[in-house]
């Protein structure tokens, strides 16, 4: 069965041609047309195997039909069948591409001419297809190679999209190529669109817009491809009249189109569409090569996304979306370079007070939300590009160049940073954040970004150590900071070289003066100051701030346990030794294990106790209480030190796992002359004893104080009246 298109304005002549073919045993389907419009439509939709065409029509002619056929279907043969064809016209017709010519007066030649024309056309088509396949595959491989080179070279998504489409059009021979992307909300966007000359890209915009509008529901092959994540191909656009955009495609020169989705992490992030002017272009080999191209492109996009994430993390804090220290320093450097003569630039470093404890108590989710809210407030103060988050719970801001420090003055108040004055609301909680700040000013305190930031850090350190809300940098602070850094290094060496020692001060029964316990107090034997031991006032705060208090405290626990064991082994009835526990130690996750290790040194009987200040325990009340309860279970007694200086309530005392309260020496000093102090001590003793807690008075230096404490029914006392802190061999005779 062959399909024959007859272009003739005479229906009778057309019927004679059909009869001649059928009489020769040829089975056929046929259509008859006689206008240019109907001829074009029939070539596209009927897709004939051969065209039999009269040479002349009233409004149309054979040569024009030949031109149209060669444009739409160049491999379909055309035979001129005419009543009058001069030899000259016949030669010209064949030269222009006609397969043959037959006179209407000699239709006996028509069947043979038709059969030969179709066979030659099919052989030519096979030859062209074979040559075209080799040529197209070679071109596709060249295109793939060029695209891969572009993926290696380019680092910008927009540039890569444009270059991929350019290569597809200029080197791949496609009439159009375009790329669309999907965002996480499945919104489609056109990223690149190129057309080959003379096919302007604008011709394809209606198709692209329709695709964008109907991506999720459209019936077309491209929309289905994007939904199924598989290549979608329409290999003969003119033969698919149901395509909504078929006229647009044909007008734009598109006879085949294919879509290849980008798949990243199992999700479609976009697609590349190729349009060919050649029908049946996308065979298996073409689809495989183009699939390889788009897979490589998706891989390149994935690498770009990961690199962009790495770049982002190199310069931004992902939690608050603020600049990190690196980007902050670069922005500050550019600001300083742009500052004019006489202008000042202030740098401020902020530290959140006790944020770690708040984070541990309320949970990291609330802590993260709080940090994001703080970031928003600081942006409002200094602008989005002038704020940064430093590691941990620190923030930094700098103010644009100004003739004076008014922007800083507006930010700082008498009670600290103004924007922290009102509480933050996080998940229904009101949270008040205490903050300290250090400031440095260009050009007085430094002319480069690094120096200004370091000097603001020095101001912050001074604010923390003095309890001030903020401090401006000064050269005196610089000297103090250098001394502090040196002291930190010496203390680190002191721990490594065993320069710390314990001295011991006894606690005695107020009535009998018998020793009831001993407190271990740390001293530092500094090789650079060999004339005397250094007391804890000089170095304990530094140990706390640097975290060295944790390993030093661990050593103190073990040393006290060792000393207790040594006294017991010597046949003495050794009193229990109390070791001070700091806030930093209590918050350390390994503190219970440290205490357990010390208890094990004592052997069968626990010989150590703990003392913790009231203020330290109140700052860590929930977690601290739980840990102290675990320590009590190991056989330790726990004393609340410096009682009266904190904020404990009677109800709170009932809940604490303590056995003793120690009255702070500031109440004992002057109690014999100050009735208010005596009343305070009496109240503490009565309250504690009502809770069945022992009471120890610290700082007792006179017999008059001891007598008054006995009258107030205090249980124990400790101070210079009894003994000064002494090394073990000095204390041994008292034991």
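Hey, any hits in region 431-439 for a residue that's over 24 Å from residue 584 (Cβ atoms) and out of contact with any helix residue (DSSP H, G or I) (no Cβ under 6 Å at 6 or more places or on another chain)? There is no residue in region 431-439 that is over 24 Å from residue 584 (Cβ atoms) and out of contact with any helix residue (DSSP H, G or I) (no Cβ under 6 Å at 6 or more places or on another chain). Taking the criterion of being surrounded by fewer than 18 Cβ atoms within 10 Å (Cβ to Cβ) and not in a strand (DSSP E or B), the residues of region 254-278 that qualify are 265, 266, 277, 278. No other residue among 592, 537 is on the phi < 0 side of the Ramachandran plot, surrounded by 14 or more Cβ atoms within 10 Å (Cβ to Cβ) and assigned to a helix (DSSP H, G or I) apart from 592.
Residues that are part of a strand (DSSP E or B) and either more than 22 Å from the chain's Cα centre (by Cα) or at positive phi (or both) do not occur anywhere in region 286-305. Going through (1) part of a helix (DSSP H, G or I); (2) over 22 Å from residue 615 (Cβ atoms); (3) modelled with pLDDT of 90 or more one by one, residue 723 falls short only on (1).
Note on region 97-129: among residues that are out of contact with any strand residue (DSSP E or B) (no Cβ under 7 Å at 6 or more places or on another chain) and in a loop (DSSP other than H, G, I, E, B), the one that is surrounded by the most Cβ atoms within 10 Å (Cβ to Cβ) is 107.
Results for (1) surrounded by fewer than 16 Cβ atoms within 10 Å (Cβ to Cβ); (2) modelled with pLDDT of 90 or more; (3) in contact with a strand residue (DSSP E or B) (Cβ under 8 Å, 6 or more places away or on another chain); (4) under 19 Å from residue 576 (Cβ atoms), shown as yes or no for each residue.
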position: 627; (1), (2), (3), (4): no, no, no, no
position: 639; (1), (2), (3), (4): no, yes, yes, yes
position: 643; (1), (2), (3), (4): no, no, yes, no
position: 664; (1), (2), (3), (4): no, no, yes, no
position: 685; (1), (2), (3), (4): no, yes, yes, no
position: 701; (1), (2), (3), (4): yes, yes, no, no
position: 732; (1), (2), (3), (4): yes, no, no, yes
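Checked against the criterion of being outside any helix (DSSP H, G or I), touching a helix residue (DSSP H, G or I) at 6+ places or on another chain (Cβ under 7 Å) and in the same structural domain as residue 458 (by TED's automatic domain parsing), region 371-383 has no qualifying residue. You will find that of 375, 396, 382, the residue that is free of Cβ contacts under 8 Å to residues at least 40 places away in the same chain and touching a strand residue (DSSP E or B) at 6+ places or on another chain (Cβ under 7 Å) is 382 and no other.
Of all the residues in region 551-581, those that are in a helix (DSSP H, G or I) and surrounded by fewer than 19 Cβ atoms within 10 Å (Cβ to Cβ) number 8. When region 383-406 is filtered for residues that are crowded, with 20+ Cβ neighbours inside 10 Å and closer than 13 Å to residue 347 by Cα, the ones remaining, listed by number, are 386, 387, 388, 395, 396, 397, 398, 399.
Of the residues making up region 701-717, those that are in contact (Cβ under 8 Å) with a residue 40 or more places away in the chain and assigned to a helix (DSSP H, G or I) number 3. Apart from one condition, residue 524 fits all of (1) farther than 19 Å from residue 496 by Cβ; (2) outside the structural domain of residue 602 (by TED's automatic domain parsing); the exception is (1).
The values are calculated or read from the model by the stated rules, or taken from the named source; none is laboratory data. Small disclaimer: the values here were computed from a predicted structure and weren't measured. Neighbour counts are summed over all protein chains in view; Cβ atoms, including those assigned to glycine, are modelled from backbone coordinates with ideal geometry.
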